[in-house]
Amino acid sequence: MLCSENEPFLYERSPEYLINNHFFEIRPTNDAFSLDIKPIDCPDGYTLKQLFLLARHGSRLPKIEQVQYFDKIDKAFANASVAKDWPKNPFTVEQNFRLTTRGKIEPYFLGLQSLKRYEKFWKNVEYDADVGLFDGTGPIGTCKNEPVFIWSLPQGHDYILEMYNACPLWNHTIGNNFTLYTEQTYSYGNKTLAPIAERLTKKYNINPPLDPNLIPYLFYYCEFYVLQFNRTDTWCGLLSDDDLTFGRYYWNMRDYYQYSYGNPFNEKLGCAYITQFVNSVEDYLNGKSRMVADIKFGHGFNMQVVFATLGVFKNDYPLTADLTLEQIKNLKYIEQKVLYWSSTAYFEIYTSSGKDTLFRLVVNSEPYIIPGCGEYCEWSKFKDILSSKINCDFEKLCAYP
């Protein structure tokens, strides 16, 4: 990383540096668009018979809240000489959640990669409406993003993919009134974000002083400039690598407390997804269904809920406001490193004559181990481990008050 000679200096880094080092939710290009894919090897004597995909949508434009905060950042820097020649906020609220050009190409390459990775499986699948299920949720399933039909459920009724919005208990106790999360982010703002804002205020002569609450959105402003314009010479230049890490961590804490292990309830919230998955496998194994491929597109939020329900995607320590910079850097299971845009989670089902069916979870080509299982988990053992979450009464679980 180099600094410009002009004072006060700006940090100089390439877009590739920031993307490849997982500062952002942008999938590294050499991974997102690579077709150098090795076909899977099945366990001895087994054949891959069913494939379930839970994928995150492709790269998108900012949502409304982010666009509004970018306007606030523009206003905060209106009299700062460092930003006098920078364009004003180029993003609009009308483009809320709209996929970028890259974001539309990424799923296409996911398909090409899947054809290569699961070559033998797909060669034996002749598509019709009974053997393949396509499902989507939220803005990704709207006509603004999808040129083809995709099955979905209304918001507030989707227990499977948008389970948090369909759960009154979650909305009242986690989504909008979670005291521990509020305490942690408040502490983090005072301890970590305020000093960054103070330093930027002095360095760039910002008047009135920069609001610390803008730092996490300044991180996003940088990210979307990289994504949409391939530029790091404006807002990204204000923040060091450590500043970006601290800005990112604010959102990592949100994810942890609202959608993952920061609240034990989230470890139950994905039960409807698990139930549908198990029932689909059972129906196929018992000859009640011909469905062999279930393709679901969702968001990082619902993928985190499903992973927490499965017991995976768990870091070695809680995500609290007092983590050191080194601890934050060492976190493995965060969106930017695992559940970036166009990330994939494949649920593989293998069968063999006279043997127990096997299950394997593969996230972005890396096998994930269900606690209590090996890489290839016996189906009966998998069901036993998840027994408390299969066939849950979602409405009862989510009843409020």
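Quick note: the coordinates plus some simple rules give every number you see, no bench work behind them. The structure displayed is predicted, hence computed values, not measured ones. Cβ placement follows ideal geometry from the backbone for every residue including glycine, while neighbour counts extend to all protein chains displayed.
Please give the calculated 222 nm ellipticity per residue for the chain, where each DSSP H segment of at least 4 residues contributes -39500 (n - 2.57) and the sum is spread over every residue; nearest 500 deg cm²/dmol?
-10500 deg cm²/dmol
Assuming a ≥ b ≥ c are the square roots of the Cα gyration tensor eigenvalues, decide whether segment 224-274 counts as rounded (a/c under 1.5), prolate (otherwise, with a/b larger than b/c) or oblate.
The shape class here is oblate.
Any chance you could run the full-extension gain for E126 through L325? It's 0.36 nm times the residue separation minus the Cα-Cα distance, nm to one decimal.
Full extension from E126 to L325 adds 66.5 nm.
Given a Förster radius of 45 Å and the C-beta distance between R199 and L169 as r, what FRET efficiency does 1/(1 + (r/R0)^6) yield to the nearest 0.05?
For R0 = 45 Å, the calculated efficiency reads 0.60.
What's the center-to-center distance, using Cα atoms, between segment 180-240 and segment 304-367 in Å?
Using only Cα atoms, the two centres lie 29 Å from each other.
Using DSSP loop states and a limit of at most 11 other Cβ atoms within 10 Å to flag GluC sites (Glu not before Pro), what is the longest stretch of the chain containing no flagged site?
Longest stretch, sites excluded: 127-401.
Working out 0.36 nm times the residue gap between N79 and N391, then minus their Cα-Cα distance, what length gain in nm do you get to one decimal?
106.4 nm is the gain from fully extending N79 to N391.
Number of Lys-Lys pairs in segment 281-354 under 17 Å by Cα, sequence gap 8 or more or different chains?
4
Given Cβ point charges of +1 (Lys, Arg) and -1 (Asp, Glu) and nothing else, what value in debye, to the nearest 20, does the dipole of the chain about its Cα centre take?
240
What is the total of Lys pairs in segment 42-107 with C-alpha atoms under 15 Å apart, excluding same-chain pairs fewer than 8 positions apart?
Eligible lysine pairs with Cα atoms under 15 Å apart amount to 4.
Subtracting the Cα-Cα distance from 0.36 nm times the residue separation, let me have the gained length for F9 to T47 in nm, one decimal.
Contour length minus Cα-Cα distance gives 7.8 nm.
Sort largest first and round to whole Å: the equivalent ellipsoid semi-axes of segment 172-317, each the square root of five times a Cα gyration tensor eigenvalue.
Taking √(5λ) for each eigenvalue gives 40, 20, 10 Å, largest first.
Please work out the Kirkwood hydrodynamic radius for the chain, using every pair of different C-alpha atoms, and report it in angstroms with one decimal place.
Mean inverse Cα-Cα distance, inverted, gives 22.6 Å.
Are there trypsin sites (Lys or Arg not before Pro) in segment 35-136 that DSSP puts in a loop and that have at most 12 other Cβ atoms within 10 Å, and which ones?
Sparse-neighbourhood loop trypsin sites (Lys or Arg not before Pro): K84, K88.
What is the calculated FRET efficiency for A399 to E282, with r their C-beta to C-beta distance and R₀ = 22 Å, to the nearest 0.05?
Efficiency at R0 = 22 Å is approximately 0.20.
Would you mind telling me the antiparallel percentage of the DSSP bridges in the chain, rounded to 5?
Here the share of antiparallel DSSP bridges comes out near 65 percent.
Can you give me the relative contact order of the chain as a percent, contacts being Cα pairs under 8 Å and 6 or more apart?
Once divided by the residue count of the chain, the mean separation gives 26 percent.
May I ask for the equivalent-ellipsoid semi-axes of segment 267-312, computed as the square root of five times each C-alpha gyration tensor eigenvalue and listed largest first in whole Å?
Equivalent-ellipsoid dimensions as semi-axes: 23, 12, 7 Å.
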